[in-house]
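A short write-up of the structure that comes next.
The values are calculated or read from the model by the stated rules, or taken from the named source; none is laboratory data. The structure presented is a predicted model; accordingly, all values stated were derived computationally and were not measured. Here the Cβ positions follow ideal geometry from the backbone for every residue, glycine too, while neighbour counts run over all protein chains shown. Just the protein is used for accessible areas: all its heavy atoms, side chains included, with ligands, DNA and RNA removed. Shrake-Rupley method; radii C 1.70, N 1.55, O 1.52, S 1.80 Å.
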Amino acid sequence: MSSSKEQTSISQVMCFLHEWDQGNKTVRSRMLSDFLAKNTGKTCPELEFEFAEVASLFLTRLTAWIRLTYMFGSCLDLQLRALGVFLSANSSHQYMIEFLEVGGVLTLLEILGQDKLKEEDKTEALHLLQIIANSGQKYKELICESYGVKAVAECLAKSEMEMTQGTAAALLESLAHGNPKYQNQVYKGLVALLACTLPRAQQLVLQILRIVQPVIKTAHHSIVEPLLNLLRSQHLEVQYEAIELIAELMQLEVRPALLRGLVAFLKPAKERNPKHKILDDTEVSKMTDSLPVLLMQAASAKTIRILAQRNEEISKELLSLRVIHHLLYAMGNQEHADAQRQASLALEHFVRMYPVVEEHVRRGMGSTLFESFMHNADELHLSMDDIQADSLRSNKVNISCAVKDWFSAMSRLRSAVQKGKTAALENPEVLESSIKKKSKHAVKEEEPSETEPSSYHFFHDPSEISLFRSHLLLWYDQNKRELPWRTMALTEPDVNIRTYAVWVSEIMLQQTQVATVIGYYNRWMKRWATVEKLAAATLEEVNQMWAGLGYYSRGRRLHEGAQKVVSELNGQMPKTTAGLLKQLPGVGRYTAGAIGSIALGQVTGAVDGNVIRVLCRVRAIGADSSSPTVTDALWKIADTLVDRERPGDFNQAMMELGARVCTPKSPLCNQCPIQSHCHAFRKVSIKQEIDSKRLLSKLASNLNNSVPDIENCLASDSCNLCLSEDWDPQLGVQNYPRKPVKKAPRAEQTLTCIVERKRDGEEMEYLLTQRPSKGLLAGMWELPSMLLEADVSESKYKGLICDMMQKLLETSLDTHSVQFVGEVVHIFSHIHQTYIVFSVRVSDWSDRKREQKTCWLSKSALHEAAVSTGVKKIMKLYESSSKVDIKEKKRKPSPEKRSNKIKKPKSAATNGGPKQLSLTKFLSTSKATA
């Protein structure tokens, strides 16, 4: 017999459903608004409680109404948002299965195909599809087999609303991951989208292809033509993404076709009329029609330069494709200045890289034009006359054979030098004719020698150094932030405590922002105010204090260092920079310099990421900032500049300047105290002045008289500190420094299980295991987990968890008791980790000691334990999708029985279009193992 409270609840729900069944559009709209206001964000158990265990009855009505009315747009936004409440509250996929059984996927896909519907409604439909796709591989397969890829792609191609485009793009990216059966279908759909006309859509598709390409690991030849055609786009963001994708495809089988296409675009098949001095409307029309071809010519030249600079093998292939002839032709195209400029810069790379190219280009251009080209390739097109342009367009340069001979000769030279048998070369005449006076690369191969960096990149004038110091320190005194470790360094009289305090701050600040560190630092110093107190702590206590700060090995090394100071150095911190570097684990050159100068007053530089950026801009150092040559130069500059009286303040001022003014993006040059010492700022200012003069139609011949020369490195051709790429006017001072492209983090999947137990009269407890003492997250506590191999299918997940529990708890589990929770993504610096989360409640376990250390913690204790951010994310997901209690489990039928009871309403049948696919194929696996 039901209680009176339950009877009242059921009565209210039946009244609600009766009102819905009898209500018109206005009534149902009001009811939906009330439903959304009361139930948004609720979990599955909460919705069941709200609807007296019959929430599915309302879901069925809601789905049926959408099927009948979506073409007319009646309250569609409210209907879709209400559906979102059910699908987002999914706990055991109950609502999702019910929705899919009545044709939910096809309904959403048909909504995407309706031209007259609002973009906001389509965005909401895409959002629901995203929720379905994120629920697992079988649901992604269902969407793909329902022609979902085509529908989503068409929506992306046609929509003009950025939110809709972005949601469609995210859904396509999701369908491409973790969906091996249909990832090629998604890939081909993305390739087909390259031909769409909306720039924003093109950009998104290119970005997704760049993400998906490593998953596909191959490239179909159908991508070549549409990808190259995007180079004709007038939108720079589209061109940029296209060029980057082309560069990433250079390791795949489409490389030869892409290179041939790029070279061909330098010389369009249709010859064009020379430009006229007077343009009537017809000519203006012609120029407008030809713009895409000209843009493609310029973009192809730019792409060729980028590819050739990144890879010498690609340079060789391009030379064999007669790229020099085509670049000379493009340089003579006076219809488009940017095509001339980009071709000139690309040609300059080949000329400076290969002496054999220089010889033929000089003959093809003529001595006068060639000298102008070598002096300033960037601006050659501004002074080129019609006769010179015609000469370039009609050039007959063909150096394929000569280049082949030259590379062969260079190969023999390298081999001979390595063996010490230079005299044994078979054909010395070839070498003599090929290696000219400017064959710097060959000379370096034959006699390796270290070139001294140019003095342009260093400080030599004592008066300038003095001004630099005074300007910077004055700014620092007026603008520095009040930070706890700075206060400690200034006020703590005990040198041992002061050195320890600065050491802690510097380790915490590695790879972590100041705002994040402040709270952790204050808590740390309150608990372990001295090195002796830290040494007496346990590693588990240290990990617990460090939890959430990331890069956990830093805390472990601090602890190791403290123990070493106490046990081996009698509790005394090292008193010199050299001692800090040698005696403390985890302390490198920068950290030793920072601690030594701030805490001990040692006169030494300190070069961190912020200082690297400041010095590279101040001295126009554009080479790879991580290379040994640049690193040595930056330390030399820092040691030269550091103030002898206030070394600690000077180093902190440099860091402060880099963090707040000389930032990676949008630097505040007008607020910079050392602006007058900055080569990068001077270069930007003078180039802006030159450009403004040109805009005012000043004669080029007068520029030298009215604008100061840009001071440059005189040895830039061979200087190993200068920019190796062309100066980009749009970047300004951000041309410095240039960093290498970071290696993408490797993708990993980890199977994780939340194991809970409840003893009589006690709180719910969760099982944790301790990680190994070395490696990632060393010594931290985590939920029971295992790294998945690439070939493990989803059907085996529950079995693996049961095996893991057998080893940990010595108890056997039925796969029926293991429930899927969801997925959590956590990104480390080098790993893109996806946790596939399940949960299980155990009633029988073994507490005896075992090889892997384990413990049971309550919810509150778990959040305070030494666990990583990833574990906290997993628990947050679990709490948000909280499982039904034991009473509810007994009341509800099993997933198998529940799904068998579902009947597809006749009103849900599709009117035309493809038939709704059977879910047996997609759900049989989960039913068999659930």
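First measure r as the distance between the Cβ atoms of Thr629 and Ile465, then evaluate 1/(1 + (r/R0)^6) with R0 = 25 Å and state the FRET efficiency to the nearest 0.05. Before the final figure, lay out each step's value.
Values: r = 22 Å, r/R0 = 0.90.
Once the sixth-power term is evaluated, E becomes 0.65.
Please compare each pair in Lys526/Lys665; Lys758/Lys876; Lys5/Lys872 to a cut-off of 31 Å on the Cα-Cα distance and tell me which ones are over it.
Values: Lys526/Lys665 36 Å; Lys758/Lys876 20 Å; Lys5/Lys872 37 Å.
From the list (Lys526/Lys665; Lys758/Lys876; Lys5/Lys872), the Cα-Cα distance tops 31 Å for Lys526/Lys665; Lys5/Lys872.
Counting only protein heavy atoms and a 1.4 Å probe, tell me what percentage of the range 185-234's accessible area is made up of carbon and sulfur.
Values: 1140 of 2100 Å².
Here it works out to 55 percent.
Highest mean first, how do 747-753, 300-306, 853-859 rank when packing is the count of other Cβ atoms within 10 Å averaged over residues? All intermediate terms of the calculation are to be shown ahead of the outcome.
Working: 747-753: 19.3, 300-306: 25.3, 853-859: 14.9.
Put in order of decreasing packing, that is 300-306, 747-753, 853-859.
For Lys564 and Glu119 in the same chain, what is the full-extension length gain: residue separation times 0.36 nm, less their Cα-Cα distance, in nm? Please list the in-between numbers first.
Numbers: separation 445, 0.36 × 445 = 160.20 nm, distance 6.41 nm.
Fully extending the segment from Lys564 to Glu119 adds 153.8 nm.
May I ask you to evaluate 6.51 cos²θ - 1.76 cosθ + 1.60, the Karplus curve with θ = phi - 60°, for each residue of the range 463-468 and list the ³J(HN,Hα) values in order in whole Hz, giving x for glycine and proline?
Once θ is set to phi - 60°, the couplings for the range 463-468 become 5, 5, 4, 4, 5, 4 Hz.
What distance in nm lies between label points placed 7 Å from Cα along the C-beta direction at Ile10 and Ala170?
4.2
Please list 3J(HN,Hα) in residue order for the range 10-24, calculated via the Karplus relation 6.51 cos²θ - 1.76 cosθ + 1.60 where θ = phi - 60°; whole Hz, with x for glycine and proline.
My calculation for the range 10-24 gives 5, 4, 5, 5, 5, 5, 4, 5, 5, 4, 4, 5, 8, x, 8 Hz in order.
Kindly rank 158-171, 32-45, 218-231 from highest to lowest mean number of other beta carbons found within 10 Å of each residue.
On the way: 158-171: 19.5, 32-45: 14.8, 218-231: 18.0.
Peptide ranking by packing, descending: 158-171, 218-231, 32-45.
Which residues' amide hydrogens lie under 5 Å from the amide hydrogen of Ser724, considering only partners 5 or more residues apart or on another chain, with H built in the peptide plane?
HN-HN under 5 Å from Ser724: empty list.
How many nm is it between the label spots at Ser400 and Phe49, if each spot is 7 Å from the Cα in line with the beta carbon?
Those two pseudo-labels are separated by 7.8 nm.
Rg to Rh for the range 578-663: what is it, with Cα atoms only and Rh by Kirkwood?
On the way: Rg = 12.5 Å, Rh = 13.0 Å.
That ratio equals 0.96.
Pulled fully out, how much extra length does the chain show between Asp728 and Gln309, if you take 0.36 nm times their separation in residues and subtract their Cα-Cα distance?
The span from Asp728 to Gln309 would gain 149.3 nm if fully extended.
Taking 0.36 nm per intervening residue step and subtracting the Cα-Cα distance, what contour gain separates Gln513 from Asp639 on full extension?
Values: separation 126, 0.36 × 126 = 45.36 nm, distance 2.53 nm.
Stretched out fully, the Gln513 to Asp639 stretch lengthens by 42.8 nm.
Tally up the carbon and sulfur contribution to the accessible surface of the range 553-625 as a whole percent, 1.4 Å probe, everything protein left in place. Provide the component values of the computation, followed by the final result.
Numbers: 1140 of 2460 Å².
With neighbouring chains kept in place, the figure for the range 553-625 is 46 percent.
Between Glu225 and Ala264, what is the label-point separation in nm under the 7 Å Cα-to-beta-carbon projection?
Modelled inter-label distance: 1.0 nm.
Which value, in Å², gives the accessible area per residue of the range 505-605 when a 1.4 Å probe is used on the protein heavy atoms? Don't skip to the end; give the middle numbers.
Values: 4360 Å² over 101 residues.
Result: 43 Å² of accessible area for each residue.
Determine the share of the range 1-103's accessible area contributed by carbon and sulfur atoms, expressed in whole percent, with a 1.4 angstrom probe. List each step's numbers first, then the result.
On the way: 2630 of 4750 Å².
Accessible surface attributable to carbon and sulfur in the range 1-103 totals 55 percent.
For a paramagnetic label modelled at 7 Å from the Cα of Ala529 toward its Cβ, which residues of the range 562-582 fall within the zone defined by backbone nitrogen distances under 19 Å?
571-573
Please sort 541-553, 614-626, 511-523, 12-24 by packing, taking for each peptide the average over its residues of neighbouring beta carbons within 10 angstrom, highest first. Present the calculation step by step, with values, prior to reporting the outcome.
Values: 541-553: 18.7, 614-626: 23.6, 511-523: 14.2, 12-24: 12.7.
Per-residue mean Cβ counts within 10 Å order the peptides as 614-626, 541-553, 511-523, 12-24.
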